[in-house]
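For reference, the structure is listed below as structure tokens.
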Amino acid sequence: MLDSPRPFIDVRLTASNGGSMRKKLIAAAALAAALTLTACSGDGGNGNGGGDGGDNQVEVFTWWASGSEKVGLDALVKVFGEQHPDVEFINAAVAGGAGSNAKAALASRLEAKNPPDSFQAHAGAELSDYIAAGQLQDVSSLYTEFGLTDAFPKSLLDRLTVDGKIYSVPSNIHRANVVWVNPAVLEKAGIDASKAPATMEAWIADLQKLKDAGVETPLALGTEWTQMQLFETVLLSELGADGYSGLWNGDTQWTDPGVKKAAEDYKKLLGYANSDYAGLDWDAATQIVIDGNAGYNVMGDWAEAAFQQAGLKYDSDYTTWPVPGTDGVFDFLADSFTLPVGAPHEKAAKAWLQTVSSAEGQKAFNLAKGSIPARTDVDASEYPAYQQTAIASWSSDTVVSSLAHGAAAPVAWSSDISSAIGKFGSDGNVDSFLTALTDAAKKALG
Ligand code: GAL
């Protein structure tokens, strides 16, 4: 739910209520003007329309509105309360996994020059969109002030930087190419969950074995962005790290036979999914595996938080492996927090960014969220088993950028790909899917 501190005045004039309504309208307009003045008085002369709206509250915009994601946010807010007890946290979360609703709501607010004090944004291409639109302030000075320059890996800072300026503070790193496996379901087909299939073909053969053993939903799947995430991992499996990364800079052509093979394999995978996938958010899809009604779900490691919170034990009740064919590759995304141009409570927003960047904040948040800290000063032994695997992979694997989570492609391009994936989900036409993907790349790369 959007929990905006700004008052909203709904003034409607109908033909039948003439004069008195006109008076009410004038009064309402005067009130609106007064409120606008109050809101604008937050511009502490910094020229960006934001500033000193007071230091005692901070409105933070995310899509971590419910379930395990809210538990993660709450853990971070708790540390914020300890570190900055005088600042009230205003939760402006908008529900919908991967920001499926939040991004549009945020865009309207930014367009209306009504930004929150800080908002969640993915490192990489998506962040560059906001930077190019002039919606973010440079926060490099906070890196000096909070001693962060060495706290984060350089490769990550590069994805937060444009023209030498840093535009956000990372809270975590997630891995997207993870299969979440229910061993008890696999046993029904005599499949050993502790051994990951070596290739996509071998995995598809196992999915068929599950089907033959009477498992109705071998693979749990959800709404469009989860389909896009599944497809990106199939591309990665087929093209390898370099081939996949080349898709985003033109080094790999979308007409490459590997892309066609990925589309065909992806179509086969859809054949093993729950029939209601289009209507499920990620948590509902992951829940099918947690409940023992599907063998597998490809999901980012925010799913770890859901398995933990359901009380399941790693390597007995559930296990994970990289999507077959992607072992040794870390399909990366990072959440980060920004200081928008015109943030009404700039000082409080900086306090929030301090907590987000702090060792205490990152530990509390990531333990609850399933991700790993963006900071490098991490003691892996303090994290549960799955996260220890992610910490090890992050430090040794080849890192590529996630498409579904804003790291690989700008918003306009990923929206075009998402539409093509949605259409493919209903018509299954490989040729028109490949044409749509090739056209989207041409439009984006020229
Ligand atoms: C990602 C985000 C994660 C998680 C996920 C599901 O885009 O980076 O933190 O929230 O969406 O909502």
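A few comments on the model shown:
- The calculated P(r) of the stretch 218-308, using every Cα pair and 5 Å bins from 0, goes 3, 15, 23, 21, 15, 13, 8, 3, 0 in percent.
- With neighbours defined as other Cβ atoms within 10 Å of a residue's Cβ, the residues 282, 321 order from fewest to most as 321, 282.
- Inter-label distance, nm, simple model (7 Å from Cα along the C-beta direction), residue 198/residue 249: 3.2
- Efficiency of FRET between residue 435 and residue 86 - r from beta-carbon atoms, R0 51 angstrom, step 0.05: 0.35
- Per the Debye calculation on the chain with a single equal scatterer at every Cα and no solvent contribution, log₁₀ I(q)/I(0) for q = 0.08, 0.09, 0.13 Å⁻¹ amounts to -0.48, -0.60, -1.15.
- By the count of neighbouring beta-carbon atoms within 10 Å, fewest first, 84, 405 end up ordered 84, 405.
- Size of the stretch 356-416: Rg and Dmax of its alpha carbons, in Å, are 13.9, 42.
- Near-label residues of the stretch 367-390 by backbone N, under 14 Å of a point 7 Å along Cα→Cβ of residue 396: 388-390
- For the stretch 140-186, the percent of C-alpha pairs falling in each 5 Å distance bin, counted from 0 to the bin holding the largest distance, reads 5, 16, 24, 16, 9, 7, 6, 7, 6, 4, 1.
- The chain - mean residue ellipticity at 222 nm from DSSP helices (-39,500 (n - 2.57) per run, n ≥ 4, rounded to 500): -14500 deg cm²/dmol
- Span-rule helices in the chain, defined as complete DSSP H runs reaching 27 Å or more along the axis (Cα) with Kyte mean at least -0.5: 18-40
- Over 23 Å apart at the Cα level, from the set 165/443; 188/423; 165/347; 165/369; 188/260, are 165/443; 188/423; 165/369; 188/260.
- Estimated FRET transfer efficiency (residue 216, residue 144; beta-carbon r; R0 56 Å; 0.05): 0.50
- Inter-label distance for residue 162 and residue 66, nm, one decimal - labels placed 7 Å from Cα along Cα-to-Cβ: 3.4
- Antiparallel bridge percentage (DSSP; both residues within the chain; nearest 5): 60
- Orientation-averaged projected area, Cα convex hull of the stretch 285-411 (nm²): 9.7
- Range of Cα positions in the stretch 63-158 per principal axis (Å), largest first: 35, 34, 24
- Cα-centre dipole for the chain with unit charges at Cβ (Lys and Arg positive, Asp and Glu negative), debye to 20: 1260
- Tensor-based shape of the stretch 113-231 (alpha-carbon gyration tensor, a/c under 1.5 rounded, otherwise prolate or oblate): prolate
Values in this text are rule-based calculations from the coordinates and carry no lab data. This is a predicted model, so every value here is computed, not measured. Cβ: placed from backbone, ideal geometry, glycine included. Neighbour counts: every protein chain shown.
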